[in-house]
Amino acid sequence: DRGFGSASTAMSLRDQILEILNRYDTPSLRDAALMDLARLSGYPYREVGRLAKSLAIEVDLQTDQVEAAQKLANLIKTQPAQLNLYRYLEPWFAEILTRTALAMPTAPEFLFTTLLPAAASRVGTAAKVVIKPSAKYAQPLVFWTAIVANSGSMKTPAQRVILDPLVALETAAYESYLQEKADYDAEQDASKGKKSSDKTLEEPSKPPTRKRYLTKDITLETLQRTHGENPRGLLYYRDELAANTKARNQYRGGHGADEEAELDQWNGSAILYDRAEKSVCLPHSAISRTGGYQWEVLAQLMGDHHDFNGNFARWLFCAA
């Protein structure tokens, strides 16, 4: 089957090489066809061979990607992973989560996936997980987890079961803060009415600080300031995590480094934040995150799956 080039003069050189690669299985037949193509096209055989080699690598890579995607889809559909909660939790606690999930009904893994960052947020910067003492290798208690499920899969109720106690603590702390703030404002007003000769030499009282456990709708800068007031850390929750991606740099016209700053927080790195109205200096940070994705939304965000900055690699996904 020679004379390939003359039959495909309307095709580009790249397309003709691809057709040769697809048509011939043996190296000798491919080389012979490439030599004919070089002669008929007027290109040096060395350049034609170099392009053929690059295209062969691309074809193999695309084939591997298609096969991997098919295997992953089949694995998710036919072999759902089952997490043994009794391996990670005390038996009585694992039993509670399992029974709660069955009563809803939802996957026990959804509850456990939410429990990890919720529990970690209460420890925060107070401790680290020592992986290898001899190498001084330790990791901060920071977890980023996401439930991936279709709409109606009870992912939101499953997370609320775990997060409602934090919401209760957050509500109580907010009410206490409002009372303390009112008392502070009243004290300040009373102090302003006194004559300078009546004022004592006592240190002026400091404004109260709001204790935080959980936040949902917040900008990165405000999150850093809130962490500065609560150095132990807190939990960031977003029912639909895609909203967090869309909110990045929303006050900078789409230009900024919100994503890079968030990725740095996954390592529990220091927060050194300086603005005219507020400065934050934390040697260690602890902002755990959790939320959910729908399959189609996550696929759209991942795009071609080239996770160049390691954004998705930092997340623990649960597709129970």
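For the stretch 136-151, indicate whether the set of residues that are in a helix (DSSP H, G or I) and either without any contact (Cβ under 8 Å) to a residue 60 or more places away in the chain or over 20 Å from the mean Cα position of the chain (by Cα) (or both) is non-empty.
Taking the stretch 136-151 first, the residues in a helix (DSSP H, G or I) are none.
No, the conditions are met nowhere in the stretch 136-151.
In the stretch 207-221, what residues are more than 25 Å from the chain's Cα centre (by Cα) and polar (S, T, N, Q)? Break it down into steps so the answer makes sense when it comes.
The first filter runs over the stretch 207-221 and keeps only residues more than 25 Å from the chain's Cα centre (by Cα), leaving 207-211.
Residue satisfying the conditions is 209 alone.
Restricting to the stretch 308-318, what's the tally of residues that are over 11 Å from the mean Cα position of the chain (by Cα) and either closer than 18 Å to residue 65 by Cβ or assigned to a helix (DSSP H, G or I) (or both)?
Residues flagged as over 11 Å from the mean Cα position of the chain (by Cα) and either closer than 18 Å to residue 65 by Cβ or assigned to a helix (DSSP H, G or I) (or both) within the stretch 308-318 amount to 1.
Out of the stretch 139-191, which residues are within 28 Å of residue 270 (Cα to Cα), open to solvent by 40 Å² or more (accessible area, probe 1.4 Å) and of a type in the set (Phe, Trp, Tyr)?
Once the filter is applied, which keeps residues that are within 28 Å of residue 270 (Cα to Cα), open to solvent by 40 Å² or more (accessible area, probe 1.4 Å) and of a type in the set (Phe, Trp, Tyr), the stretch 139-191 yields 143, 174, 177.
Cβ contacts < 8 Å: first residue at positive phi, restricted to the stretch 300-318; second residue surrounded by 14 or more Cβ atoms within 10 Å (Cβ to Cβ), any location; separation 6+ or different chain. Result?
310/263
Checking the condition in contact with a helix residue (DSSP H, G or I) (Cβ under 7 Å, 6 or more places away or on another chain) and closer than 21 Å to residue 315 by Cα, which residue from 83, 166, 116 passes? Please lay out each step first, then the result.
Numbers: 166 fails: closer than 21 Å to residue 315 by Cα; 116 fails: in contact with a helix residue (DSSP H, G or I) (Cβ under 7 Å, 6 or more places away or on another chain).
Step by step, each of 83, 166, 116 is checked, and only 83 is in contact with a helix residue (DSSP H, G or I) (Cβ under 7 Å, 6 or more places away or on another chain) and closer than 21 Å to residue 315 by Cα.
Would you point out the residue of the stretch 214-238, among those that are among the acidic types (Asp, Glu) and surrounded by fewer than 16 Cβ atoms within 10 Å (Cβ to Cβ), that is modelled with the highest pLDDT? Walk me through how you get there before you give the answer.
Pass one, the stretch 214-238, residues among the acidic types (Asp, Glu): 217, 221, 229.
Applying the additional criterion that residues be surrounded by fewer than 16 Cβ atoms within 10 Å (Cβ to Cβ) yields 217, 229.
Working: 217: 83, 229: 92.
Per the stated criteria, the residue is 229.
Please count how many residues of the stretch 40-73 are within 14 Å of residue 22 (Cα to Cα) and aliphatic (A, V, I, L, M).
Final tally of qualifying residues: 5.
Could you tell me how many of the residues in the stretch 80-128 are assigned to a helix (DSSP H, G or I) and more than 29 Å from residue 282 (Cα to Cα)?
Taking the stretch 80-128 first, the residues assigned to a helix (DSSP H, G or I) are 85-87, 91-103, 108-126.
Still in the running and more than 29 Å from residue 282 (Cα to Cα): 85-87, 91-103, 108-112.
Residues in the stretch 80-128 being assigned to a helix (DSSP H, G or I) and more than 29 Å from residue 282 (Cα to Cα): 21 in total.
The values are calculated or read from the model by the stated rules, or taken from the named source; none is laboratory data. Remember, it's a predicted structure, so these values are computed and weren't measured experimentally. Cβ sites come from the backbone with ideal geometry, for glycine too, and all protein chains shown count toward neighbours. Each accessible area value is taken on the protein alone, full model and side chains, heavy atoms only, with ligands, DNA and RNA left out. Shrake-Rupley method; radii C 1.70, N 1.55, O 1.52, S 1.80 Å.
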